[in-house]
Amino acid sequence: MGTITKRLAAAAELLLVGPGVVFIAALFFRSIQSRDLEPAHTANRIVMWYVGLGPSIGLWGLLVALPLAGFGLGVVTLVRLWGADAELRRAADQTLSALRDHIATTLVASTTLVAAGVLSIVVFHMLTN
């Protein structure tokens, strides 16, 4: 699989998951403060736009079919790349070996990132109330 084909697959995946990401982000921003204030007001307008499309286009089309197509494209692309690219398999093996060798550090780094995420959400919630 050539570089151009990989880039096209990546761009197509971004386009396919984009509407779902926008909708989920709008739900989040709509829920963090009063809908009279920004960004919740704009987020609410986005959510209502999706709702106005109806279930066949909004729910099934933009929020199920497109991400499902992106998932399928991603799986097919990754399977083809995995089978054809020995360098990718070697890099994945080296990465997993390094993570296994440093499992304690990996867990500390992962939980630190999770803690930072939880803390930022809590602080943001506290500031908006």
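Quick check: is even one residue across the range 52-63 hydrophobic (A, V, I, L, M, F, W, C), over 19 Å from L14 (Cα atoms) and outside any helix (DSSP H, G or I)? Checking the range 52-63: at least one residue is hydrophobic (A, V, I, L, M, F, W, C), over 19 Å from L14 (Cα atoms) and outside any helix (DSSP H, G or I).
Look at (1) loosely packed, with under 12 Cβ neighbours inside 10 Å; (2) more than 26 Å from T3 (Cβ to Cβ); (3) within 22 Å of the chain's Cα centre (by Cα) and you find that H125 fails only one, number (1).
Checked against the criteria, F23 does not count as within 26 Å of T128 (Cβ to Cβ), touching a residue at least 12 places away in the same chain (Cβ under 8 Å) and exposed (fewer than 14 other Cβ atoms within 10 Å of the Cβ).
Residues in the range 29-46 that are among the β-branched types (V, I, T) and over 19 Å from S120 (Cα atoms): T42, I46. Does the range 64-87 include one or more residues that are assigned to a helix (DSSP H, G or I), free of Cβ contacts under 8 Å to residues at least 40 places away in the same chain and in contact with a Phe, Trp or Tyr (Cβ under 9 Å, 6 or more places away or on another chain)? No; the residues of the range 64-87 include none that is assigned to a helix (DSSP H, G or I), free of Cβ contacts under 8 Å to residues at least 40 places away in the same chain and in contact with a Phe, Trp or Tyr (Cβ under 9 Å, 6 or more places away or on another chain).
Read-outs throughout are calculated quantities, based only on the coordinates presented, and are distinct from any laboratory measurement. Quick caveat: nothing in here was measured; it's all calculated off a predicted structure. Backbone-built Cβ (ideal geometry, glycine too); neighbour counts: all protein chains shown.
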